[in-house]
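One structure is given here, and the rest of the page talks about it.
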Amino acid sequence: MTDFIDAFKGGLDAAKAADRARKEIDEVFSDLDRQIIEVSEGKLSIERREYYVTKSSWEALRFSFPPKSKETYWAIVAKNPTIKKTPYKELAKWQEDPVGYPCKLIWAKQEQICEDRAALEICLADLLRDPIVGERLYVLMNLEPLEDGAERAERDAGPESPIPSDSNGDADCGGSVSSDVE
Amino acid sequence: MLNEREYEMLTTYTDKVVLAWWNTSLSPCGLERASDTDMTIAINVILHLIRDFEVDCLALGEVRYDDLLAIVESIGNEHYSIYDGTLKEGRLQFDTGVIYNADRLRLVDSCSIVIKHGTSSLKLANRLDLLPLDTKEPLHVFVSHWPSRRSCPENAPDRHRLGMELRKAFEKVRELYCYPKVVFLGDFNDEPFAPALADHLLAIRDRKLVRKSGGEHLYNPFWRHLGERVPHVPGKPCQSYAGSCFYTKNQDTHWRTFDQIIFSSAFLGKGDWHLNEDSTQILQVSPYDASVLNGSTIFDHFPVISVIQKEGIT
């Protein structure tokens, strides 16, 4: 007779291992965010955020295949929590295996596949060292709060604003999936 | 219903793309080592590929950006552009690049794929998304130069990892469409039968199975290039070749077929672009071949070439 009990236990172990891996990844991002908040005196925060792939971002590839309906992607983004309606700057695309590792960072025409915590930490440090990423963070950190209307106008004019999913798409980032746009 | 012969007679090929890979040996791991004479030999081989074989997409291994610039300058054809894949990241050095005919192919996107495990990194491939002229069907080209057997032995876990991750990269493209046009080329430092390529990437020798499957199998025509090219004839000594690279110091065999071009099933009847297998070969370019076989120069690889052609029925 097939040993279903053993298979069942194996599945539970695998689920626990996946849960541990995902928590470990969350922990790495929490450490990253905590350190960035500290060093920027609260003017920068980094998180992962889900966006809709928009028609315009797909057409930028000049292929003839439209994105699937409501197709989404994840990105590592930075925001300035001291700004009421902070822009979100995309630093890298983010892909995570359902069991945690490997996870993938995509930026500057590179795909970095990280198979464990050490690799992920090194990769995130490389991301922060990137001059273009550094420039984005610098600009974000030095944003001054504006009047509500003006701030909104400036934010929406930028190429990387998180836009609610039901508004017109944005060329680089698409609309944010979550409704908690700050 | 047309039979095979009638079909062949009515079929014309309206367009073609010639692809080639050559591990030049000029600058392994980005380290310059070629003399002026070596560079002249390399340029002559490349000119032969471009002028006589009309290669549209020439992927090169063991090159630096300066090598690519010197080569394109020597070609003297303004239509050829460079894709510089010679990424350096910490101790990791990609040493591949592509020279392509921009009059026939448009480079739409590209990226370098790296696998990180702890503090070590592996270079998996450079991916180029190309659009052949007048088509809206992208051609996805993965260019790989995997680690040597010295740094990563035959059955090392990293070899399996490379095969599995290249497979995942292919699956990502398959998410976009059922039968994507994907070509893998490079020096894998593995034979076609190695687990990384045959078992993990699923690059097999069985065309029928590739056609029958739902697009998951790949066809590796270089299974047909594993052995001696010319049959043994008693009493007649003949110069033959039994692979794409020649290592004089190897004890078990001097020949290896590490350089390969692998195709997705789209090129075996799942679309209007077809692999021309007659034109798929290891090129023994004379007099360059002598410098490979005598082992006294830096060169130890032959170029490999293949053709895909677009079908149109008259």
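Test of understanding: what is the full-extension gain from B:Tyr13 to B:Thr40, defined as 0.36 nm times their sequence separation minus their Cα-Cα distance?
6.2 nm
Dividing the alpha-carbon radius of gyration of segment A:76-120 by 2.2 N^0.38 Å (N being the number of residues), what value is obtained?
The reported ratio for this selection is 1.41.
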> Which residue, B:Ile298, B:Ile50, B:Ile261, has the most motion in a Gaussian network model of chain B that connects Cα atoms within less than 10 Å?
Replying inline: B:Ile298
> To the nearest 10 Å², what's B:Tyr179's accessible area with a 1.4 Å probe?
Replying inline: 80 Å²
>> Given Cα positions, please report Rg to Rh for segment B:191-241, the hydrodynamic radius being the Kirkwood one.
In response: 1.19
> Using a Gaussian network model of chain B with C-alpha springs under 10 Å, which one of B:His160, B:His232, B:His200 is most mobile by mean-square fluctuation?
Replying inline: B:His232
> How long are the semi-axes of the ellipsoid equivalent to segment B:92-169, from square roots of 5 times the Cα gyration tensor eigenvalues, in whole Å, largest first?
Replying inline: 29, 12, 10
> To the nearest 0.05, how large is the calculated FRET efficiency for B:Glu32 and A:Glu38 if R₀ is 41 Å and r is the Cβ-Cβ distance?
Replying inline: 0.40
>> Students often check this: by mean Cβ neighbours within 10 Å, which of B:150-158, A:19-27, A:119-127 ranks highest, and how do the rest follow?
In response: A:119-127, A:19-27, B:150-158
>> What percent of all Cα-Cα pairs in chain B falls into each 10 Å bin, going from 0 up to the bin containing the maximum distance?
In response: 6, 27, 36, 23, 7, 1
> In nanometres, what is the gap between the two model label sites at A:Asn142 and B:Arg211, each 7 Å from Cα along Cα-to-Cβ?
Replying inline: 6.4 nm
> Can you list the lysines whose alpha carbon sits under 22 Å from that of B:Lys116, skipping same-chain ones fewer than 8 residues off?
Replying inline: A:Lys23, A:Lys93, A:Lys104, A:Lys109, B:Lys88, B:Lys168, B:Lys172
>> What distance in nm lies between label points placed 7 Å from Cα along the C-beta direction at B:Asn294 and B:Tyr65?
In response: 3.6 nm
> Dividing the convex hull volume of the Cα atoms of segment B:148-211 by its residue count, what figure in Å³ per residue is obtained?
Replying inline: 84 Å³
>> Looking at chain B as a GNM with Cα springs under 10 Å, which of B:Val173, B:Val143, B:Val72 has the largest mean-square fluctuation?
In response: B:Val173
> Taking the Cα-to-Cβ direction at B:Ser120 and at B:His232 and moving 7 Å from each Cα, how far apart do the two end points lie in nm?
Replying inline: 4.0 nm
> How big, in percent, is the set of alpha carbon pairs in the protein assembly as shown lying more than 45 Å apart?
Replying inline: 20 percent
> How large is the accessible surface per residue of the protein assembly as shown, computed with a 1.4 Å probe and reported in Å² as a whole number?
Replying inline: 48 Å²
>> What does the structure give for B:134-141 when I average, per residue, the other chain Cβ atoms found within 10 Å of the residue Cβ?
In response: 2
> With r defined as the distance between the Cβ atoms of B:His48 and B:Asp84 and R0 fixed at 25 Å, what FRET efficiency is calculated, to the nearest 0.05?
Replying inline: 0.60
>> How shielded is A:111-120 by partner chains, expressed as the average number of their Cβ atoms within 10 Å of its Cβ atoms?
In response: 6
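Based on the Cβ-Cβ distance from B:Ala156 to B:Glu311, what FRET efficiency comes out when R0 is 30 Å, to the nearest 0.05?
It comes out at approximately 0.10.
With +1 on the Cβ of every Lys and Arg and -1 on the Cβ of every Asp and Glu, and nothing else charged, how large is the dipole of segment B:222-314 about its Cα centre, in debye rounded to the nearest 20?
140 debye
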> Which percent of Cα-Cα pairs in segment A:1-52 sits in each 10 Å bin, short to long?
Replying inline: 22, 27, 22, 15, 10, 3, 0
>> Run the helix sum for the protein assembly as shown: -39,500 (n - 2.57) per DSSP H stretch of 4+ residues, divided by residue count, reported at 222 nm to the nearest 500 deg cm²/dmol.
In response: -8500 deg cm²/dmol
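The values are calculated or read from the model by the stated rules, or taken from the named source; none is laboratory data. For clarity, every value in this text was computed on a predicted model and none was experimentally measured. Here Cβ is always computed from backbone atoms with ideal geometry, including for glycine, and neighbour counts include all displayed protein chains. For the accessible areas, the whole protein counts, side chains as well, though only heavy atoms, and no ligand, DNA or RNA atoms are used. Shrake-Rupley method; radii C 1.70, N 1.55, O 1.52, S 1.80 Å.
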